[in-house]
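The structure appears right after this line, and notes come after that.
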Amino acid sequence: MRRRRLPSVKMAAEGDFLVRYRAVSNKLKKRFLRKPNVAEASEQFGQLAKELQQQDCLQYAAFCKLATARCEQTLFNAPGEALALTEAGRLFLQSEWETQALRAPGFQEHLQAAINCYSFAIKVYIEVNQPVMAASLCLELGSALKEMNKPAEAIVHFQRAAELQSQTPIESLLSLGQLASCKILTRDYDGALAVLTDMQFLAQEGGLQVPGHNTPVGAFLDIVARCEISRVLLLMLLEPPPQKLLPEHAQTLERYAWESFDSHSQVTFLPENVFLLLQSVVMACQEKDIESLKSLQTELWPLLSPEQNHLLHLVLQERVAPSGQGI
């Protein structure tokens, strides 16, 4: 009996929603010698959205939030408009998550609606000169898309976040890091290498706060170290020919050449054991020594991030595959 009641309850809620939504909308129609009470309608749309959310009618709640946003726009209340748009976007996202969890067929219309809501909210925040709020929404949307296994779609939002965070270097670098991760997930290794190279340069420039020292400090040091390791692994994966090797990448590889045993003095931002193991990886790749690479992978595994371990696995896989062996 309970199974039969649940759909009917939801249908009743949907029918009630349409009646109440139209009733509030009718109050916004212009009448002779009567000005519509937009503020009251905005409040009523918000209350209806709250009730629908409690009834798990998320997409209908989102539509009410969109109506609230239109009311706030009429009232020239930009912060209220942006907030309502953001709440609508989150409701559409939640609805999309539920649809995917049920493995129900669909055209991802709720996801597209969420992207549109976030985009309009970001635009409003930019118009009222609140780039920090706009960047936070870019990151929120990018992270949701990445979590939904849509890294290609997330790239543009992480890029936008980094641009909006130009006045806050650390936050901008972290957004670029997310951008690089998405490029790795989409197998755009050249693009990831370019982003990580720019990140390392920016972090080195921004982190030199101690006079007389060439090593970045604080969070900048961690970012430089992450970029260095990932760049070396990407260069081993891509194996660009010498004639196509950019000067900044050639300079990086020179630091790991066996001929320069004192080269760790130039890479003080990495622990010595990590540097020596990376140096061995570069040498093993140049010599196509697969057994040494496997041994180095075991030693490096606890010292690297999951993403860097994935890159190292790809480096090994690229060299094992041609010989017909398995990993």
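Got a number for carbon plus sulfur as a percent of segment 44-92's accessible area, 1.4 Å probe? The C+S portion of the solvent-accessible surface of segment 44-92 is 52 percent. The smallest convex shape that holds all Cα atoms of the chain, its convex hull, gives 196 Å³ per residue. Hey, what angle do you get for helix 38-54 against the long axis of the chain, alpha-carbon based, 0 to 90 degrees rounded to 10? The two axes meet at around 70 degrees. Placing unit charges on the Cβ atoms only, positive for Lys and Arg and negative for Asp and Glu, gives the chain a dipole magnitude near 2520 debye about its Cα centre. Between the helical axis of 290-300 and the dominant principal axis of the chain, each derived from Cα atoms, what acute angle in degrees is found, rounded to the nearest 10? Taking Cα atoms only, the helix is inclined about 60 degrees.
Restriction of the trypsin sites (Lys or Arg not before Pro) in segment 61-164 to DSSP coil positions whose beta-carbon has at most 16 other beta-carbons within 10 angstrom yields Arg103. Per residue, the chain exposes 57 Å² of solvent-accessible protein surface, assessed with a 1.4 angstrom probe and all protein chains in place. Between 0 and 90 degrees, the angle of helix 78-101 with respect to the longest Cα principal axis of the chain falls at about 70 degrees.
Would segment 74-189 count as rounded, prolate or oblate if I go by the C-alpha gyration tensor, calling it rounded below 1.5 in a/c and otherwise prolate when a/b exceeds b/c, oblate otherwise? Note, shape of segment 74-189 comes out oblate. Which of Lys146/Lys244; Lys150/Lys183; Lys123/Lys183 have a Cα-Cα distance over 20 Å? Long pairs (Cα-Cα over 20 Å): Lys146/Lys244; Lys123/Lys183. Separation of segment 62-119 from segment 122-174 is 17 Å, based on Cα centroids. Applying 1/(1 + (r/R0)^6) with r as the Cβ-Cβ distance of Asn26 and Glu98 and R0 = 22 angstrom yields a FRET efficiency of 0.10.
When the expected Rg is taken as 2.2 N^0.38 Å, what fraction or multiple of it is the alpha-carbon Rg of segment 38-136? Intermediate results must be reported in sequence, preceding the final value.
Values: Rg = 13.7 Å, N = 99, 2.2 N^0.38 = 12.6 Å.
Dividing the Cα radius of gyration by 2.2 N^0.38 Å gives 1.09.
Taking a straight line from the alpha carbon of Lys288, these aspartates and glutamates sit under 13 Å away, with near neighbours fewer than eight places off in the same chain left out: Glu239, Glu318. Under the criterion of Cα pairs below 8 Å and six or more residues apart, the relative contact order for the chain equals 8 percent. How about segment 39-101: which chymotrypsin sites (Phe, Trp or Tyr not before Pro) there lie in a loop by DSSP and see at most 16 other Cβ atoms within 10 Å? Those satisfying the criteria are Phe76.
The values are calculated or read from the model by the stated rules, or taken from the named source; none is laboratory data. The structure presented is a predicted model; accordingly, all values stated were derived computationally and were not measured. Every residue, glycine as well, gets a Cβ built from its backbone with ideal geometry; the counts of neighbours run over all protein chains shown. Ligands, DNA and RNA are excluded from the accessible area calculation, which covers all protein heavy atoms including side chains. Shrake-Rupley method; radii C 1.70, N 1.55, O 1.52, S 1.80 Å.
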